[in-house]
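*Asks:* A single structure is presented below for examination.
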Amino acid sequence: MRKPFVAGNWKMNTDSRTSVELAERIASGSMDTSQKATIAVCPPFVYLQAVAKALSASSVAIGAQDMYFEAKGAFTGEISTAMLKDIGCIYCLCGHSERRHVIGETDELINKKVTAAIGGGLLPILCVGELLAEREATQTDKVVTRQLKEGLSGLSAEKLSAVTIAYEPVWAIGTGLTATPQQAQDVHEMIRELLGQMYDASLTEEIRILYGGSVKPGNAAELMGQKDVDGLLVGGASLKADDFLAIINASI
Ligand code: PGA
């Protein structure tokens, strides 16, 4: 049985006051539900420590939105796995679509990040998903297959258990357009089958596959009702404590 996993991606939002306020409200509002679901928030780097402190009495975990694959040294502006571990991070998003399509990250770079994250003891959330033009050209499976194969390249079966996958169709992120529950289920099923071919089918039954893209309190339960949707990666709605808590409640 895969435990539901709800993660909030705050992106480049909040400030030193609102990040802590939001974390405090999520911590207190999830006291009753936190045993039934894995809950995590991914604040901007500069607020990670303050948010970690605000969440310290709760079981809400913190994750980073990104990291760099090198251990240390002359990499101006970058943040290492060890730094994230040092301040209490458990998870790290790798290959979010905004990093792929706005910043220009490649599958090769993302693979290095996934590998370094696991090597350093972080649990990566590998994000995959197709552009609208790719869906319209019926390329969804091909694109997601490439992103998964290249993103997980060289990773042993043993290390796969550290990975969570997030399927986020790019056309549904921040647009208000959500994949239908069936569209999400179709891709999630394809992902699980592919992982079964790449690794072992019994092993991939344990891997959690999250859906992301305009998740709201009103669509969370239906998405979570799909067999292969094991959790939700929430952007905009995770910035409102009431919405994020309602999504958690709808997911368990
Ligand atoms: P959204 O973002 O919920 O605002 O669509 C999801 C994400 O980018 O992770």
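*Asks:* What lysines could a cross-link reach from K72, if we take a straight Cα to Cα line under 20 Å and drop same-chain neighbours fewer than 8 places away?
*Replies:* K85, K112, K113
*Asks:* How big is the gap, in Å, between the Cα center of the stretch 63-142 and the Cα center of the stretch 189-246?
*Replies:* The stretch 63-142 and the stretch 189-246 have Cα centres spaced 18 Å from each other.
*Asks:* Something else about it: If I take R0 = 41 Å and measure r between the Cβ atoms of A137 and K72 in this structure, what FRET efficiency does the formula 1/(1 + (r/R0)^6) give, to the nearest 0.05?
*Replies:* Using R0 = 41 Å, I get an efficiency of 0.45.
*Asks:* Tell me, what is the 1.4 Å probe accessible area of F45, in Å² to the nearest 10?
*Replies:* F45 exposes around 80 Å² with every protein chain in place.
*Asks:* Quick one: grab Rg to one decimal and Dmax as a whole number for the chain, Cα atoms only, in Å.
*Replies:* 16.8, 48
*Asks:* Got a number for the accessible area of L210? Probe 1.4 Å, square angstrom, nearest 10.
*Replies:* Only protein atoms counted, so the area is about 0 Å².
*Asks:* Oh, and also: Rank these by accessible area, largest first, 1.4 Å probe: R25, R135, R100.
*Replies:* Ranking R25, R135, R100 by accessible area, largest first, yields R25, R135, R100.
*Asks:* What FRET efficiency comes out for K149 versus R17 if R0 is 41 angstrom and r is the Cβ-Cβ distance? Round to the nearest 0.05.
*Replies:* 0.45
*Asks:* Using θ = phi - 60° and the Karplus form 6.51 cos²θ - 1.76 cosθ + 1.60, what ³J(HN,Hα) does each residue of the stretch 76-86 get, whole Hz, x for Gly and Pro?
*Replies:* Whole-Hz 3J(HN,Hα) from phi for the stretch 76-86: 3, x, 9, 10, 8, 4, 4, 5, 5, 4, 4.
*Asks:* Give me the accessible area per residue for the chain, probe 1.4 Å, as a whole number in Å².
*Replies:* Working: 11150 Å² over 252 residues.
On a per-residue basis, the chain sits at 44 Å².
*Asks:* Now for a different question. Any lysines with Cα under 16 Å of the K216 Cα? List them, leaving off those in the same chain fewer than 8 positions away.
*Replies:* Filter leaves K240.
*Asks:* Name the long-range amide H neighbours of G212: under 5 Å, sequence gap of 5 or more, or other chain; modelled H, no Pro or chain starts.
*Replies:* Y167, E168, L233
*Asks:* For the full complex of protein chains and a 1.4 angstrom probe, list L122, L239 by accessible area with the highest value first.
*Replies:* Per-residue accessible area, sorted high to low, gives L239, L122.
*Asks:* Using Cα springs under 10 Å in a Gaussian network model of the chain, which residue among V187, V41, V143 shows the largest mean-square fluctuation?
*Replies:* Per the Cα network of the chain with a 10 Å cutoff, V143 tops the list.
*Asks:* List the residues, sorted by chain then number, that are 5 or more residues from G8 or on another chain and whose placed amide H is less than 5 Å from its amide H.
*Replies:* A40, V41, C42, V234
*Asks:* Between D32 and D242, 0.36 nm times their residue separation minus their Cα-Cα distance comes to what? Don't skip to the answer; put the middle values down first.
*Replies:* Numbers: separation 210, 0.36 × 210 = 75.60 nm, distance 1.46 nm.
That works out to 74.1 nm of additional length.
*Asks:* I would also like to ask the following. Within the chain, what whole-number % of the accessible surface is contributed by carbon and sulfur, with the 1.4 Å probe and all protein chains included in the calculation? Don't skip to the end; give the middle numbers.
*Replies:* On the way: 5870 of 11150 Å².
Looking at the chain in its full context, I get 53 percent from C and S.
The values are calculated or read from the model by the stated rules, or taken from the named source; none is laboratory data. Note that the coordinates shown come from a computational prediction; the quantities given were computed from them, not determined experimentally. Please note: Cβ atoms are built from the backbone with ideal geometry, for glycine as well, and neighbour counts cover all protein chains shown. The area values use the complete protein model at the heavy-atom level, side chains included, leaving out ligands, DNA and RNA. Shrake-Rupley method; radii C 1.70, N 1.55, O 1.52, S 1.80 Å.
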